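In what follows, a single structure is set out as structure tokens and then discussed.
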Amino acid sequence: MKEKSRILLDSEDTPNNYLNILPHLKEPLPPPLDPGTGEPVSPDALMALFPAECVKQEVSPEKTIAIPQEVRDILIRSGRPTPLQRAVGLERALKTPCRIYYKREDVSPTGSHKLNTAAAQAYYAQKEGIERMATETGAGQWGSAVSLACAYFGLEAMVYMVRISYQQKAYRGILMRTYGANIVPSPSDLTEFGRKMNAENPDHPGTLGIAISEAIEDTVTHDNTKYTLGSVLNFVMLHQSVIGQETIAQLDSIDETADHVIGCVGGGSNFAGMSYPFLMDDRFKDTEFLAAEPTACPSLTKGKYEYDFGDTAGMTPKLKMHTLGADFTPPKIHAGGLRYHGAAPTMSALVNEGRIIARAYDQIDVLNAGIVFAKAEGIVPAPESAHAIKAAIDIALEAKKKKESRSIVFNLSGHGHFDMTAYQALMEGTLNGNGPESVSQTQANLLTVQGK
């Protein structure tokens, strides 16, 4: 195996096609259902919300779909292909024989993987003559990406940001406004549903389900507006497949494989973008695919696999997915992008097939792992991404005990530059855990990680 700490591809190696997981499922994906009739929703109904091309991609049986050159150009301008980096410092800190690699989605202008699909959706909307896009955002990575994508294509952006994240991550809101977006905390007073939620609970922290309801209501009550979605549906997973395609090519370039592929999961976009191309490649049939989620919102590990609404108000079609219930309000964890009650239908199907495993982690353990990574690699990870880091550290330490050398690959889905209040709370001892372990046990685990 060739030794390289930072594996780069040239811009011409940016993928030309999206990869579609649907033809690779063991059973056809259960269709979205009309909540009134219980019958499958027609693609025409979805076109009231999404650009027509996105709807076509959602139901496409094709294994590959061409990336428009205008979108590919933006991906290249935004840093694609992103580096695959070997975590040499982390390996040394853990004293593990494992080889650990992380995909650098943090290097995009908005600091996360989200621009991969935001650019595509804004492009399709602009080609259709749409002038305005409405969306929700949790921690703000998605809202930032939509704001920039709309600026690129001359569209107006309206962002409903989950209130607790709006308060915790003020600079995310400023970044969105810098790109020209309109942004309000959700629940807001701009929609009927938001006003209803505020009347019932003026201090409601907000959820992604509520913010989705507001963005959809905004879409259907404004002319020439489309809704743009950052996760869950398959056309989003398609757009994110550039991540895994690049990662496979980078591993191939150094004659490396992947024993473990890891990503954090809220709705599932970054994990799907990383893992689906591997799942479609027979060379990785023995690879373990691990979805890391918060104990505060454990949709894959504790949710039911059933039909449920994607939003709190019940405005979306019902989707077959692992869900905690559309009215579930997660605790106020700092990983705002993972505070979603359901997981993507395709990912839920793959978990049900046994091809993906899921584990849930407490936020104190997760942020401690983020600090270990920052000290070793110099990059402060987003709280969401730190879930994947925690999973990678656990696997590396397990392999160390067994004296096994494994190849661990995880998606560093975003940086934590706008999340320093989370690390501040951790270091000041004011952060609450959301799992079975006490703070003292968590601290003991961290000392173990650091080799003390």
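Nothing in this text is a laboratory measurement; each read-out follows from the coordinates by a stated rule. Values in this document were obtained by computation on a predicted structure and should not be read as measured data. Here the Cβ is made from the backbone with ideal geometry for all residues, glycine too, and neighbour counts use every protein chain on show.
Residues are listed down the side, and each one gets a yes or a no for (1) surrounded by 24 or more Cβ atoms within 10 Å (Cβ to Cβ); (2) touching a Cys at 6+ places or on another chain (Cβ under 6 Å); (3) assigned to a helix (DSSP H, G or I); (4) of a type in the set (A, V, I, L, M):
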{"residue": "Ile262", "(1), (2), (3), (4)": "yes, no, no, yes"}
{"residue": "Gly267", "(1), (2), (3), (4)": "yes, no, no, no"}
{"residue": "Ala272", "(1), (2), (3), (4)": "yes, no, yes, yes"}
{"residue": "Ala292", "(1), (2), (3), (4)": "yes, yes, no, yes"}
{"residue": "Glu306", "(1), (2), (3), (4)": "no, no, no, no"}
{"residue": "Ala313", "(1), (2), (3), (4)": "no, no, no, yes"}
Residue tally, condition of a type outside the set (Asp, Glu) and either more than 18 Å from Asp394 (Cα to Cα) or assigned to a helix (DSSP H, G or I) (or both), over segment 71-102: 20
Filtered residue count, segment 61-70, keeping only those that are among the aliphatic types (A, V, I, L, M) and part of a strand (DSSP E or B): 2
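A quick yes/no check of all residues on (1) surrounded by fewer than 23 Cβ atoms within 10 Å (Cβ to Cβ); (2) not acidic (Asp, Glu):
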position	(1), (2)
Pro205	yes, yes
Phe235	no, yes
Asp281	yes, no
Pro298	yes, yes
Gly310	no, yes
Residue list for segment 380-415, filter: within 13 Å of His113 (Cα to Cα) and surrounded by fewer than 24 Cβ atoms within 10 Å (Cβ to Cβ): His415
Residues of segment 133-182 that turn out to be more than 22 Å from Asp223 (Cβ to Cβ) and of a type in the set (A, V, I, L, M), as a count: 10
Selection count where residues are without any contact (Cβ under 8 Å) to a residue 60 or more places away in the chain and either among the β-branched types (Val, Ile, Thr) or part of a loop (DSSP other than H, G, I, E, B) (or both), scope segment 317-356: 4
Number of positions in segment 149-199 that are assigned to a strand (DSSP E or B) and either among the acidic types (Asp, Glu) or closer than 12 Å to Ala211 by Cα (or both): 10
Conditions (1) closer than 23 Å to Phe235 by Cα; (2) touching a Leu at 6+ places or on another chain (Cβ under 9 Å); (3) surrounded by 24 or more Cβ atoms within 10 Å (Cβ to Cβ); number of the one not met by Gly370: (1)
Filter result for Lys4 (in a loop (DSSP other than H, G, I, E, B) and over 21 Å from the mean Cα position of the chain (by Cα)): yes
Leading residue by the ranking (surrounded by the most Cβ atoms within 10 Å (Cβ to Cβ)) among those in segment 242-260 that are among the charged types (D, E, K, R) and closer than 18 Å to Lys4 by Cβ: Glu246
Extreme residue, nearest to the chain's Cα centre (by Cα), among residues of segment 40-60 that are part of a loop (DSSP other than H, G, I, E, B) and buried (at least 17 other Cβ atoms within 10 Å of the Cβ): Phe50
Answer residue from segment 105-126, given it is among the charged types (D, E, K, R) and in contact with a Leu (Cβ under 9 Å, 6 or more places away or on another chain) and is surrounded by the fewest Cβ atoms within 10 Å (Cβ to Cβ) among those: Asp106
Flag if Ala376 is part of a strand (DSSP E or B) and either small (Gly, Ala, Ser) or within 24 Å of Arg163 (Cα to Cα) (or both): no
Tally, over segment 207-233, of residues that are buried (at least 22 other Cβ atoms within 10 Å of the Cβ), of a type outside the set (A, V, I, L, M, F, W, C) and in a loop (DSSP other than H, G, I, E, B): 4
Qualifying residue in segment 112-124 (condition: in a strand (DSSP E or B), touching a strand residue (DSSP E or B) at 6+ places or on another chain (Cβ under 9 Å) and among the aliphatic types (A, V, I, L, M)): no
